[in-house]
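Undergrad: Before we start, here is the structure in question, set down as structure tokens.
The values are calculated or read from the model by the stated rules, or taken from the named source; none is laboratory data. Remember, it's a predicted structure, so these values are computed and weren't measured experimentally. Here the Cβ positions follow ideal geometry from the backbone for every residue, glycine too, while neighbour counts run over all protein chains shown.
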Amino acid sequence: MVRDILVPLQFTGSDSAALDAAAALAVAHDAHVAVLACVTYPAPIASEWGMAANMVSQAEFDRVLSSVRTAGEAARLQLQRAGATCELRLVETLLNWPEEAAAMHGRHADIAVVAGPDAVSANPRFNALFSALLLDTGRPVLVVPPGARLLVPPRRVVLAWQPRREPSRAIHDALPLLPRDARVDVLVLDPEVGEFGHGQQPGADIAAHLARHGLQVQVVSLPREGRSTGTAITDYATQQQADLVVMGGYGHSRWRQQVLGGTTRTVLHEAGVPVLFAH
């Protein structure tokens, strides 16, 4: 059940896609959307006398605050026009990075929805924001690529399956979003048959489990053929015209922006359809 949705603004042109997706989910599930707009002030700097304020004029503070508030209000109005119940949370982050504030608010939501990386108006701290939401909230993160649209409810779903905790968590987090007649392709790449691999019939156990939830499931085993795992996933999703990809998100909580798993990074930057990640 989805009741609370968080949308952290990145102040790029891609925010609109995330807001549209959040609005569609909110209307379909009678959920509430919180738009998080962080005002980041310069942190104190070290000096021989200790920590000194980073000298920025009050006028500059006011300009930044006004700009963030304007963007936040525009986001709130976009959601309201789509029929979603929503609120704007304007948060000042002095010593904390904005992604830390996003993680704190994400713990009080059922799902976070963020815009994917935008090559034109990129957020330089996107990886840090995504990592904080993925690794520090315990909640799923829906990433909506620039120009993509989330079909609600999604009808064609690709589950990037490995017999690990993260993909299992992801598909179970996705279940409240899926209609009973959704088609789910359990994608198994380079399956390893055996007790310490994908089992005697790779993908069969999770497929049977999902079928008991009423989903239309098929197992698809494919070789990577020299591609990275992430590229193989996005290629298959594109070929099948998937509405949603569901997969585990991998990484470590220390030095977040540097240690996202390679497959996670590739899908983040190559996917043309919304992706639901869980850790």
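Undergrad: Of all residues in the range 41-79, count the ones that are polar (S, T, N, Q), modelled with pLDDT of 80 or more and more than 22 Å from the chain's Cα centre (by Cα).
TA: Summing the residues that are polar (S, T, N, Q), modelled with pLDDT of 80 or more and more than 22 Å from the chain's Cα centre (by Cα) in the range 41-79 gives 3.
Undergrad: Just give me the residues in the range 180-203 being surrounded by 15 or more Cβ atoms within 10 Å (Cβ to Cβ) and at pLDDT 90 or above, in sequence order.
TA: A182, R183, V184, D185, V186, L187, V188, L189, G203
Undergrad: Can you name every residue in the range 10-19 that is touching a strand residue (DSSP E or B) at 6+ places or on another chain (Cβ under 7 Å) and either among the hydrophobic types (A, V, I, L, M, F, W, C) or not in a loop (DSSP other than H, G, I, E, B) (or both)?
TA: D15, A17, A18, L19 - these are the residues of the range 10-19 that are touching a strand residue (DSSP E or B) at 6+ places or on another chain (Cβ under 7 Å) and either among the hydrophobic types (A, V, I, L, M, F, W, C) or not in a loop (DSSP other than H, G, I, E, B) (or both).
Undergrad: Every residue in the range 63-116 that is more than 23 Å from H279 (Cα to Cα), in contact with a helix residue (DSSP H, G or I) (Cβ under 7 Å, 6 or more places away or on another chain) and touching a residue at least 60 places away in the same chain (Cβ under 8 Å), please.
TA: Answer for the range 63-116, where residues must be more than 23 Å from H279 (Cα to Cα), in contact with a helix residue (DSSP H, G or I) (Cβ under 7 Å, 6 or more places away or on another chain) and touching a residue at least 60 places away in the same chain (Cβ under 8 Å): A75, Q78, L79, A82, G83, A84, C86.
Undergrad: Only one residue in V35, V2, V7, V27 is at pLDDT 95 or above, under 23 Å from the mean Cα position of the chain (by Cα) and assigned to a loop (DSSP other than H, G, I, E, B). Which one?
TA: Answer to the selection: V2.
Undergrad: Right, another one. What residue, of G147, G138, is closer than 18 Å to H279 by Cα, in a loop (DSSP other than H, G, I, E, B) and out of contact with any His (no Cβ under 7 Å at 6 or more places or on another chain)?
TA: Exactly one of G147, G138 is closer than 18 Å to H279 by Cα, in a loop (DSSP other than H, G, I, E, B) and out of contact with any His (no Cβ under 7 Å at 6 or more places or on another chain), namely G138.
Undergrad: In the range 233-266, what residues are closer than 13 Å to E166 by Cβ and modelled with pLDDT under 95?
TA: Answer for the range 233-266, where residues must be closer than 13 Å to E166 by Cβ and modelled with pLDDT under 95: G249, Y250, G251, H252, L260, G261, T263, T264.
Quick grid of which residues meet (1) closer than 24 Å to A24 by Cα; (2) buried (at least 24 other Cβ atoms within 10 Å of the Cβ); (3) among the small types (G, A, S); (4) not assigned by TED's automatic domain parsing to the domain that holds A17:
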| site | (1), (2), (3), (4) |
| --- | --- |
| E92 | no, no, no, no |
| A102 | yes, yes, yes, no |
| D118 | yes, no, no, no |
| F126 | yes, no, no, no |
| F130 | yes, yes, no, no |
| R169 | yes, no, no, yes |
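Undergrad: I'd like the full set of residues that are more than 20 Å from R265 (Cα to Cα) and crowded, with 16+ Cβ neighbours inside 10 Å, limited to the range 222-242.
TA: Q240
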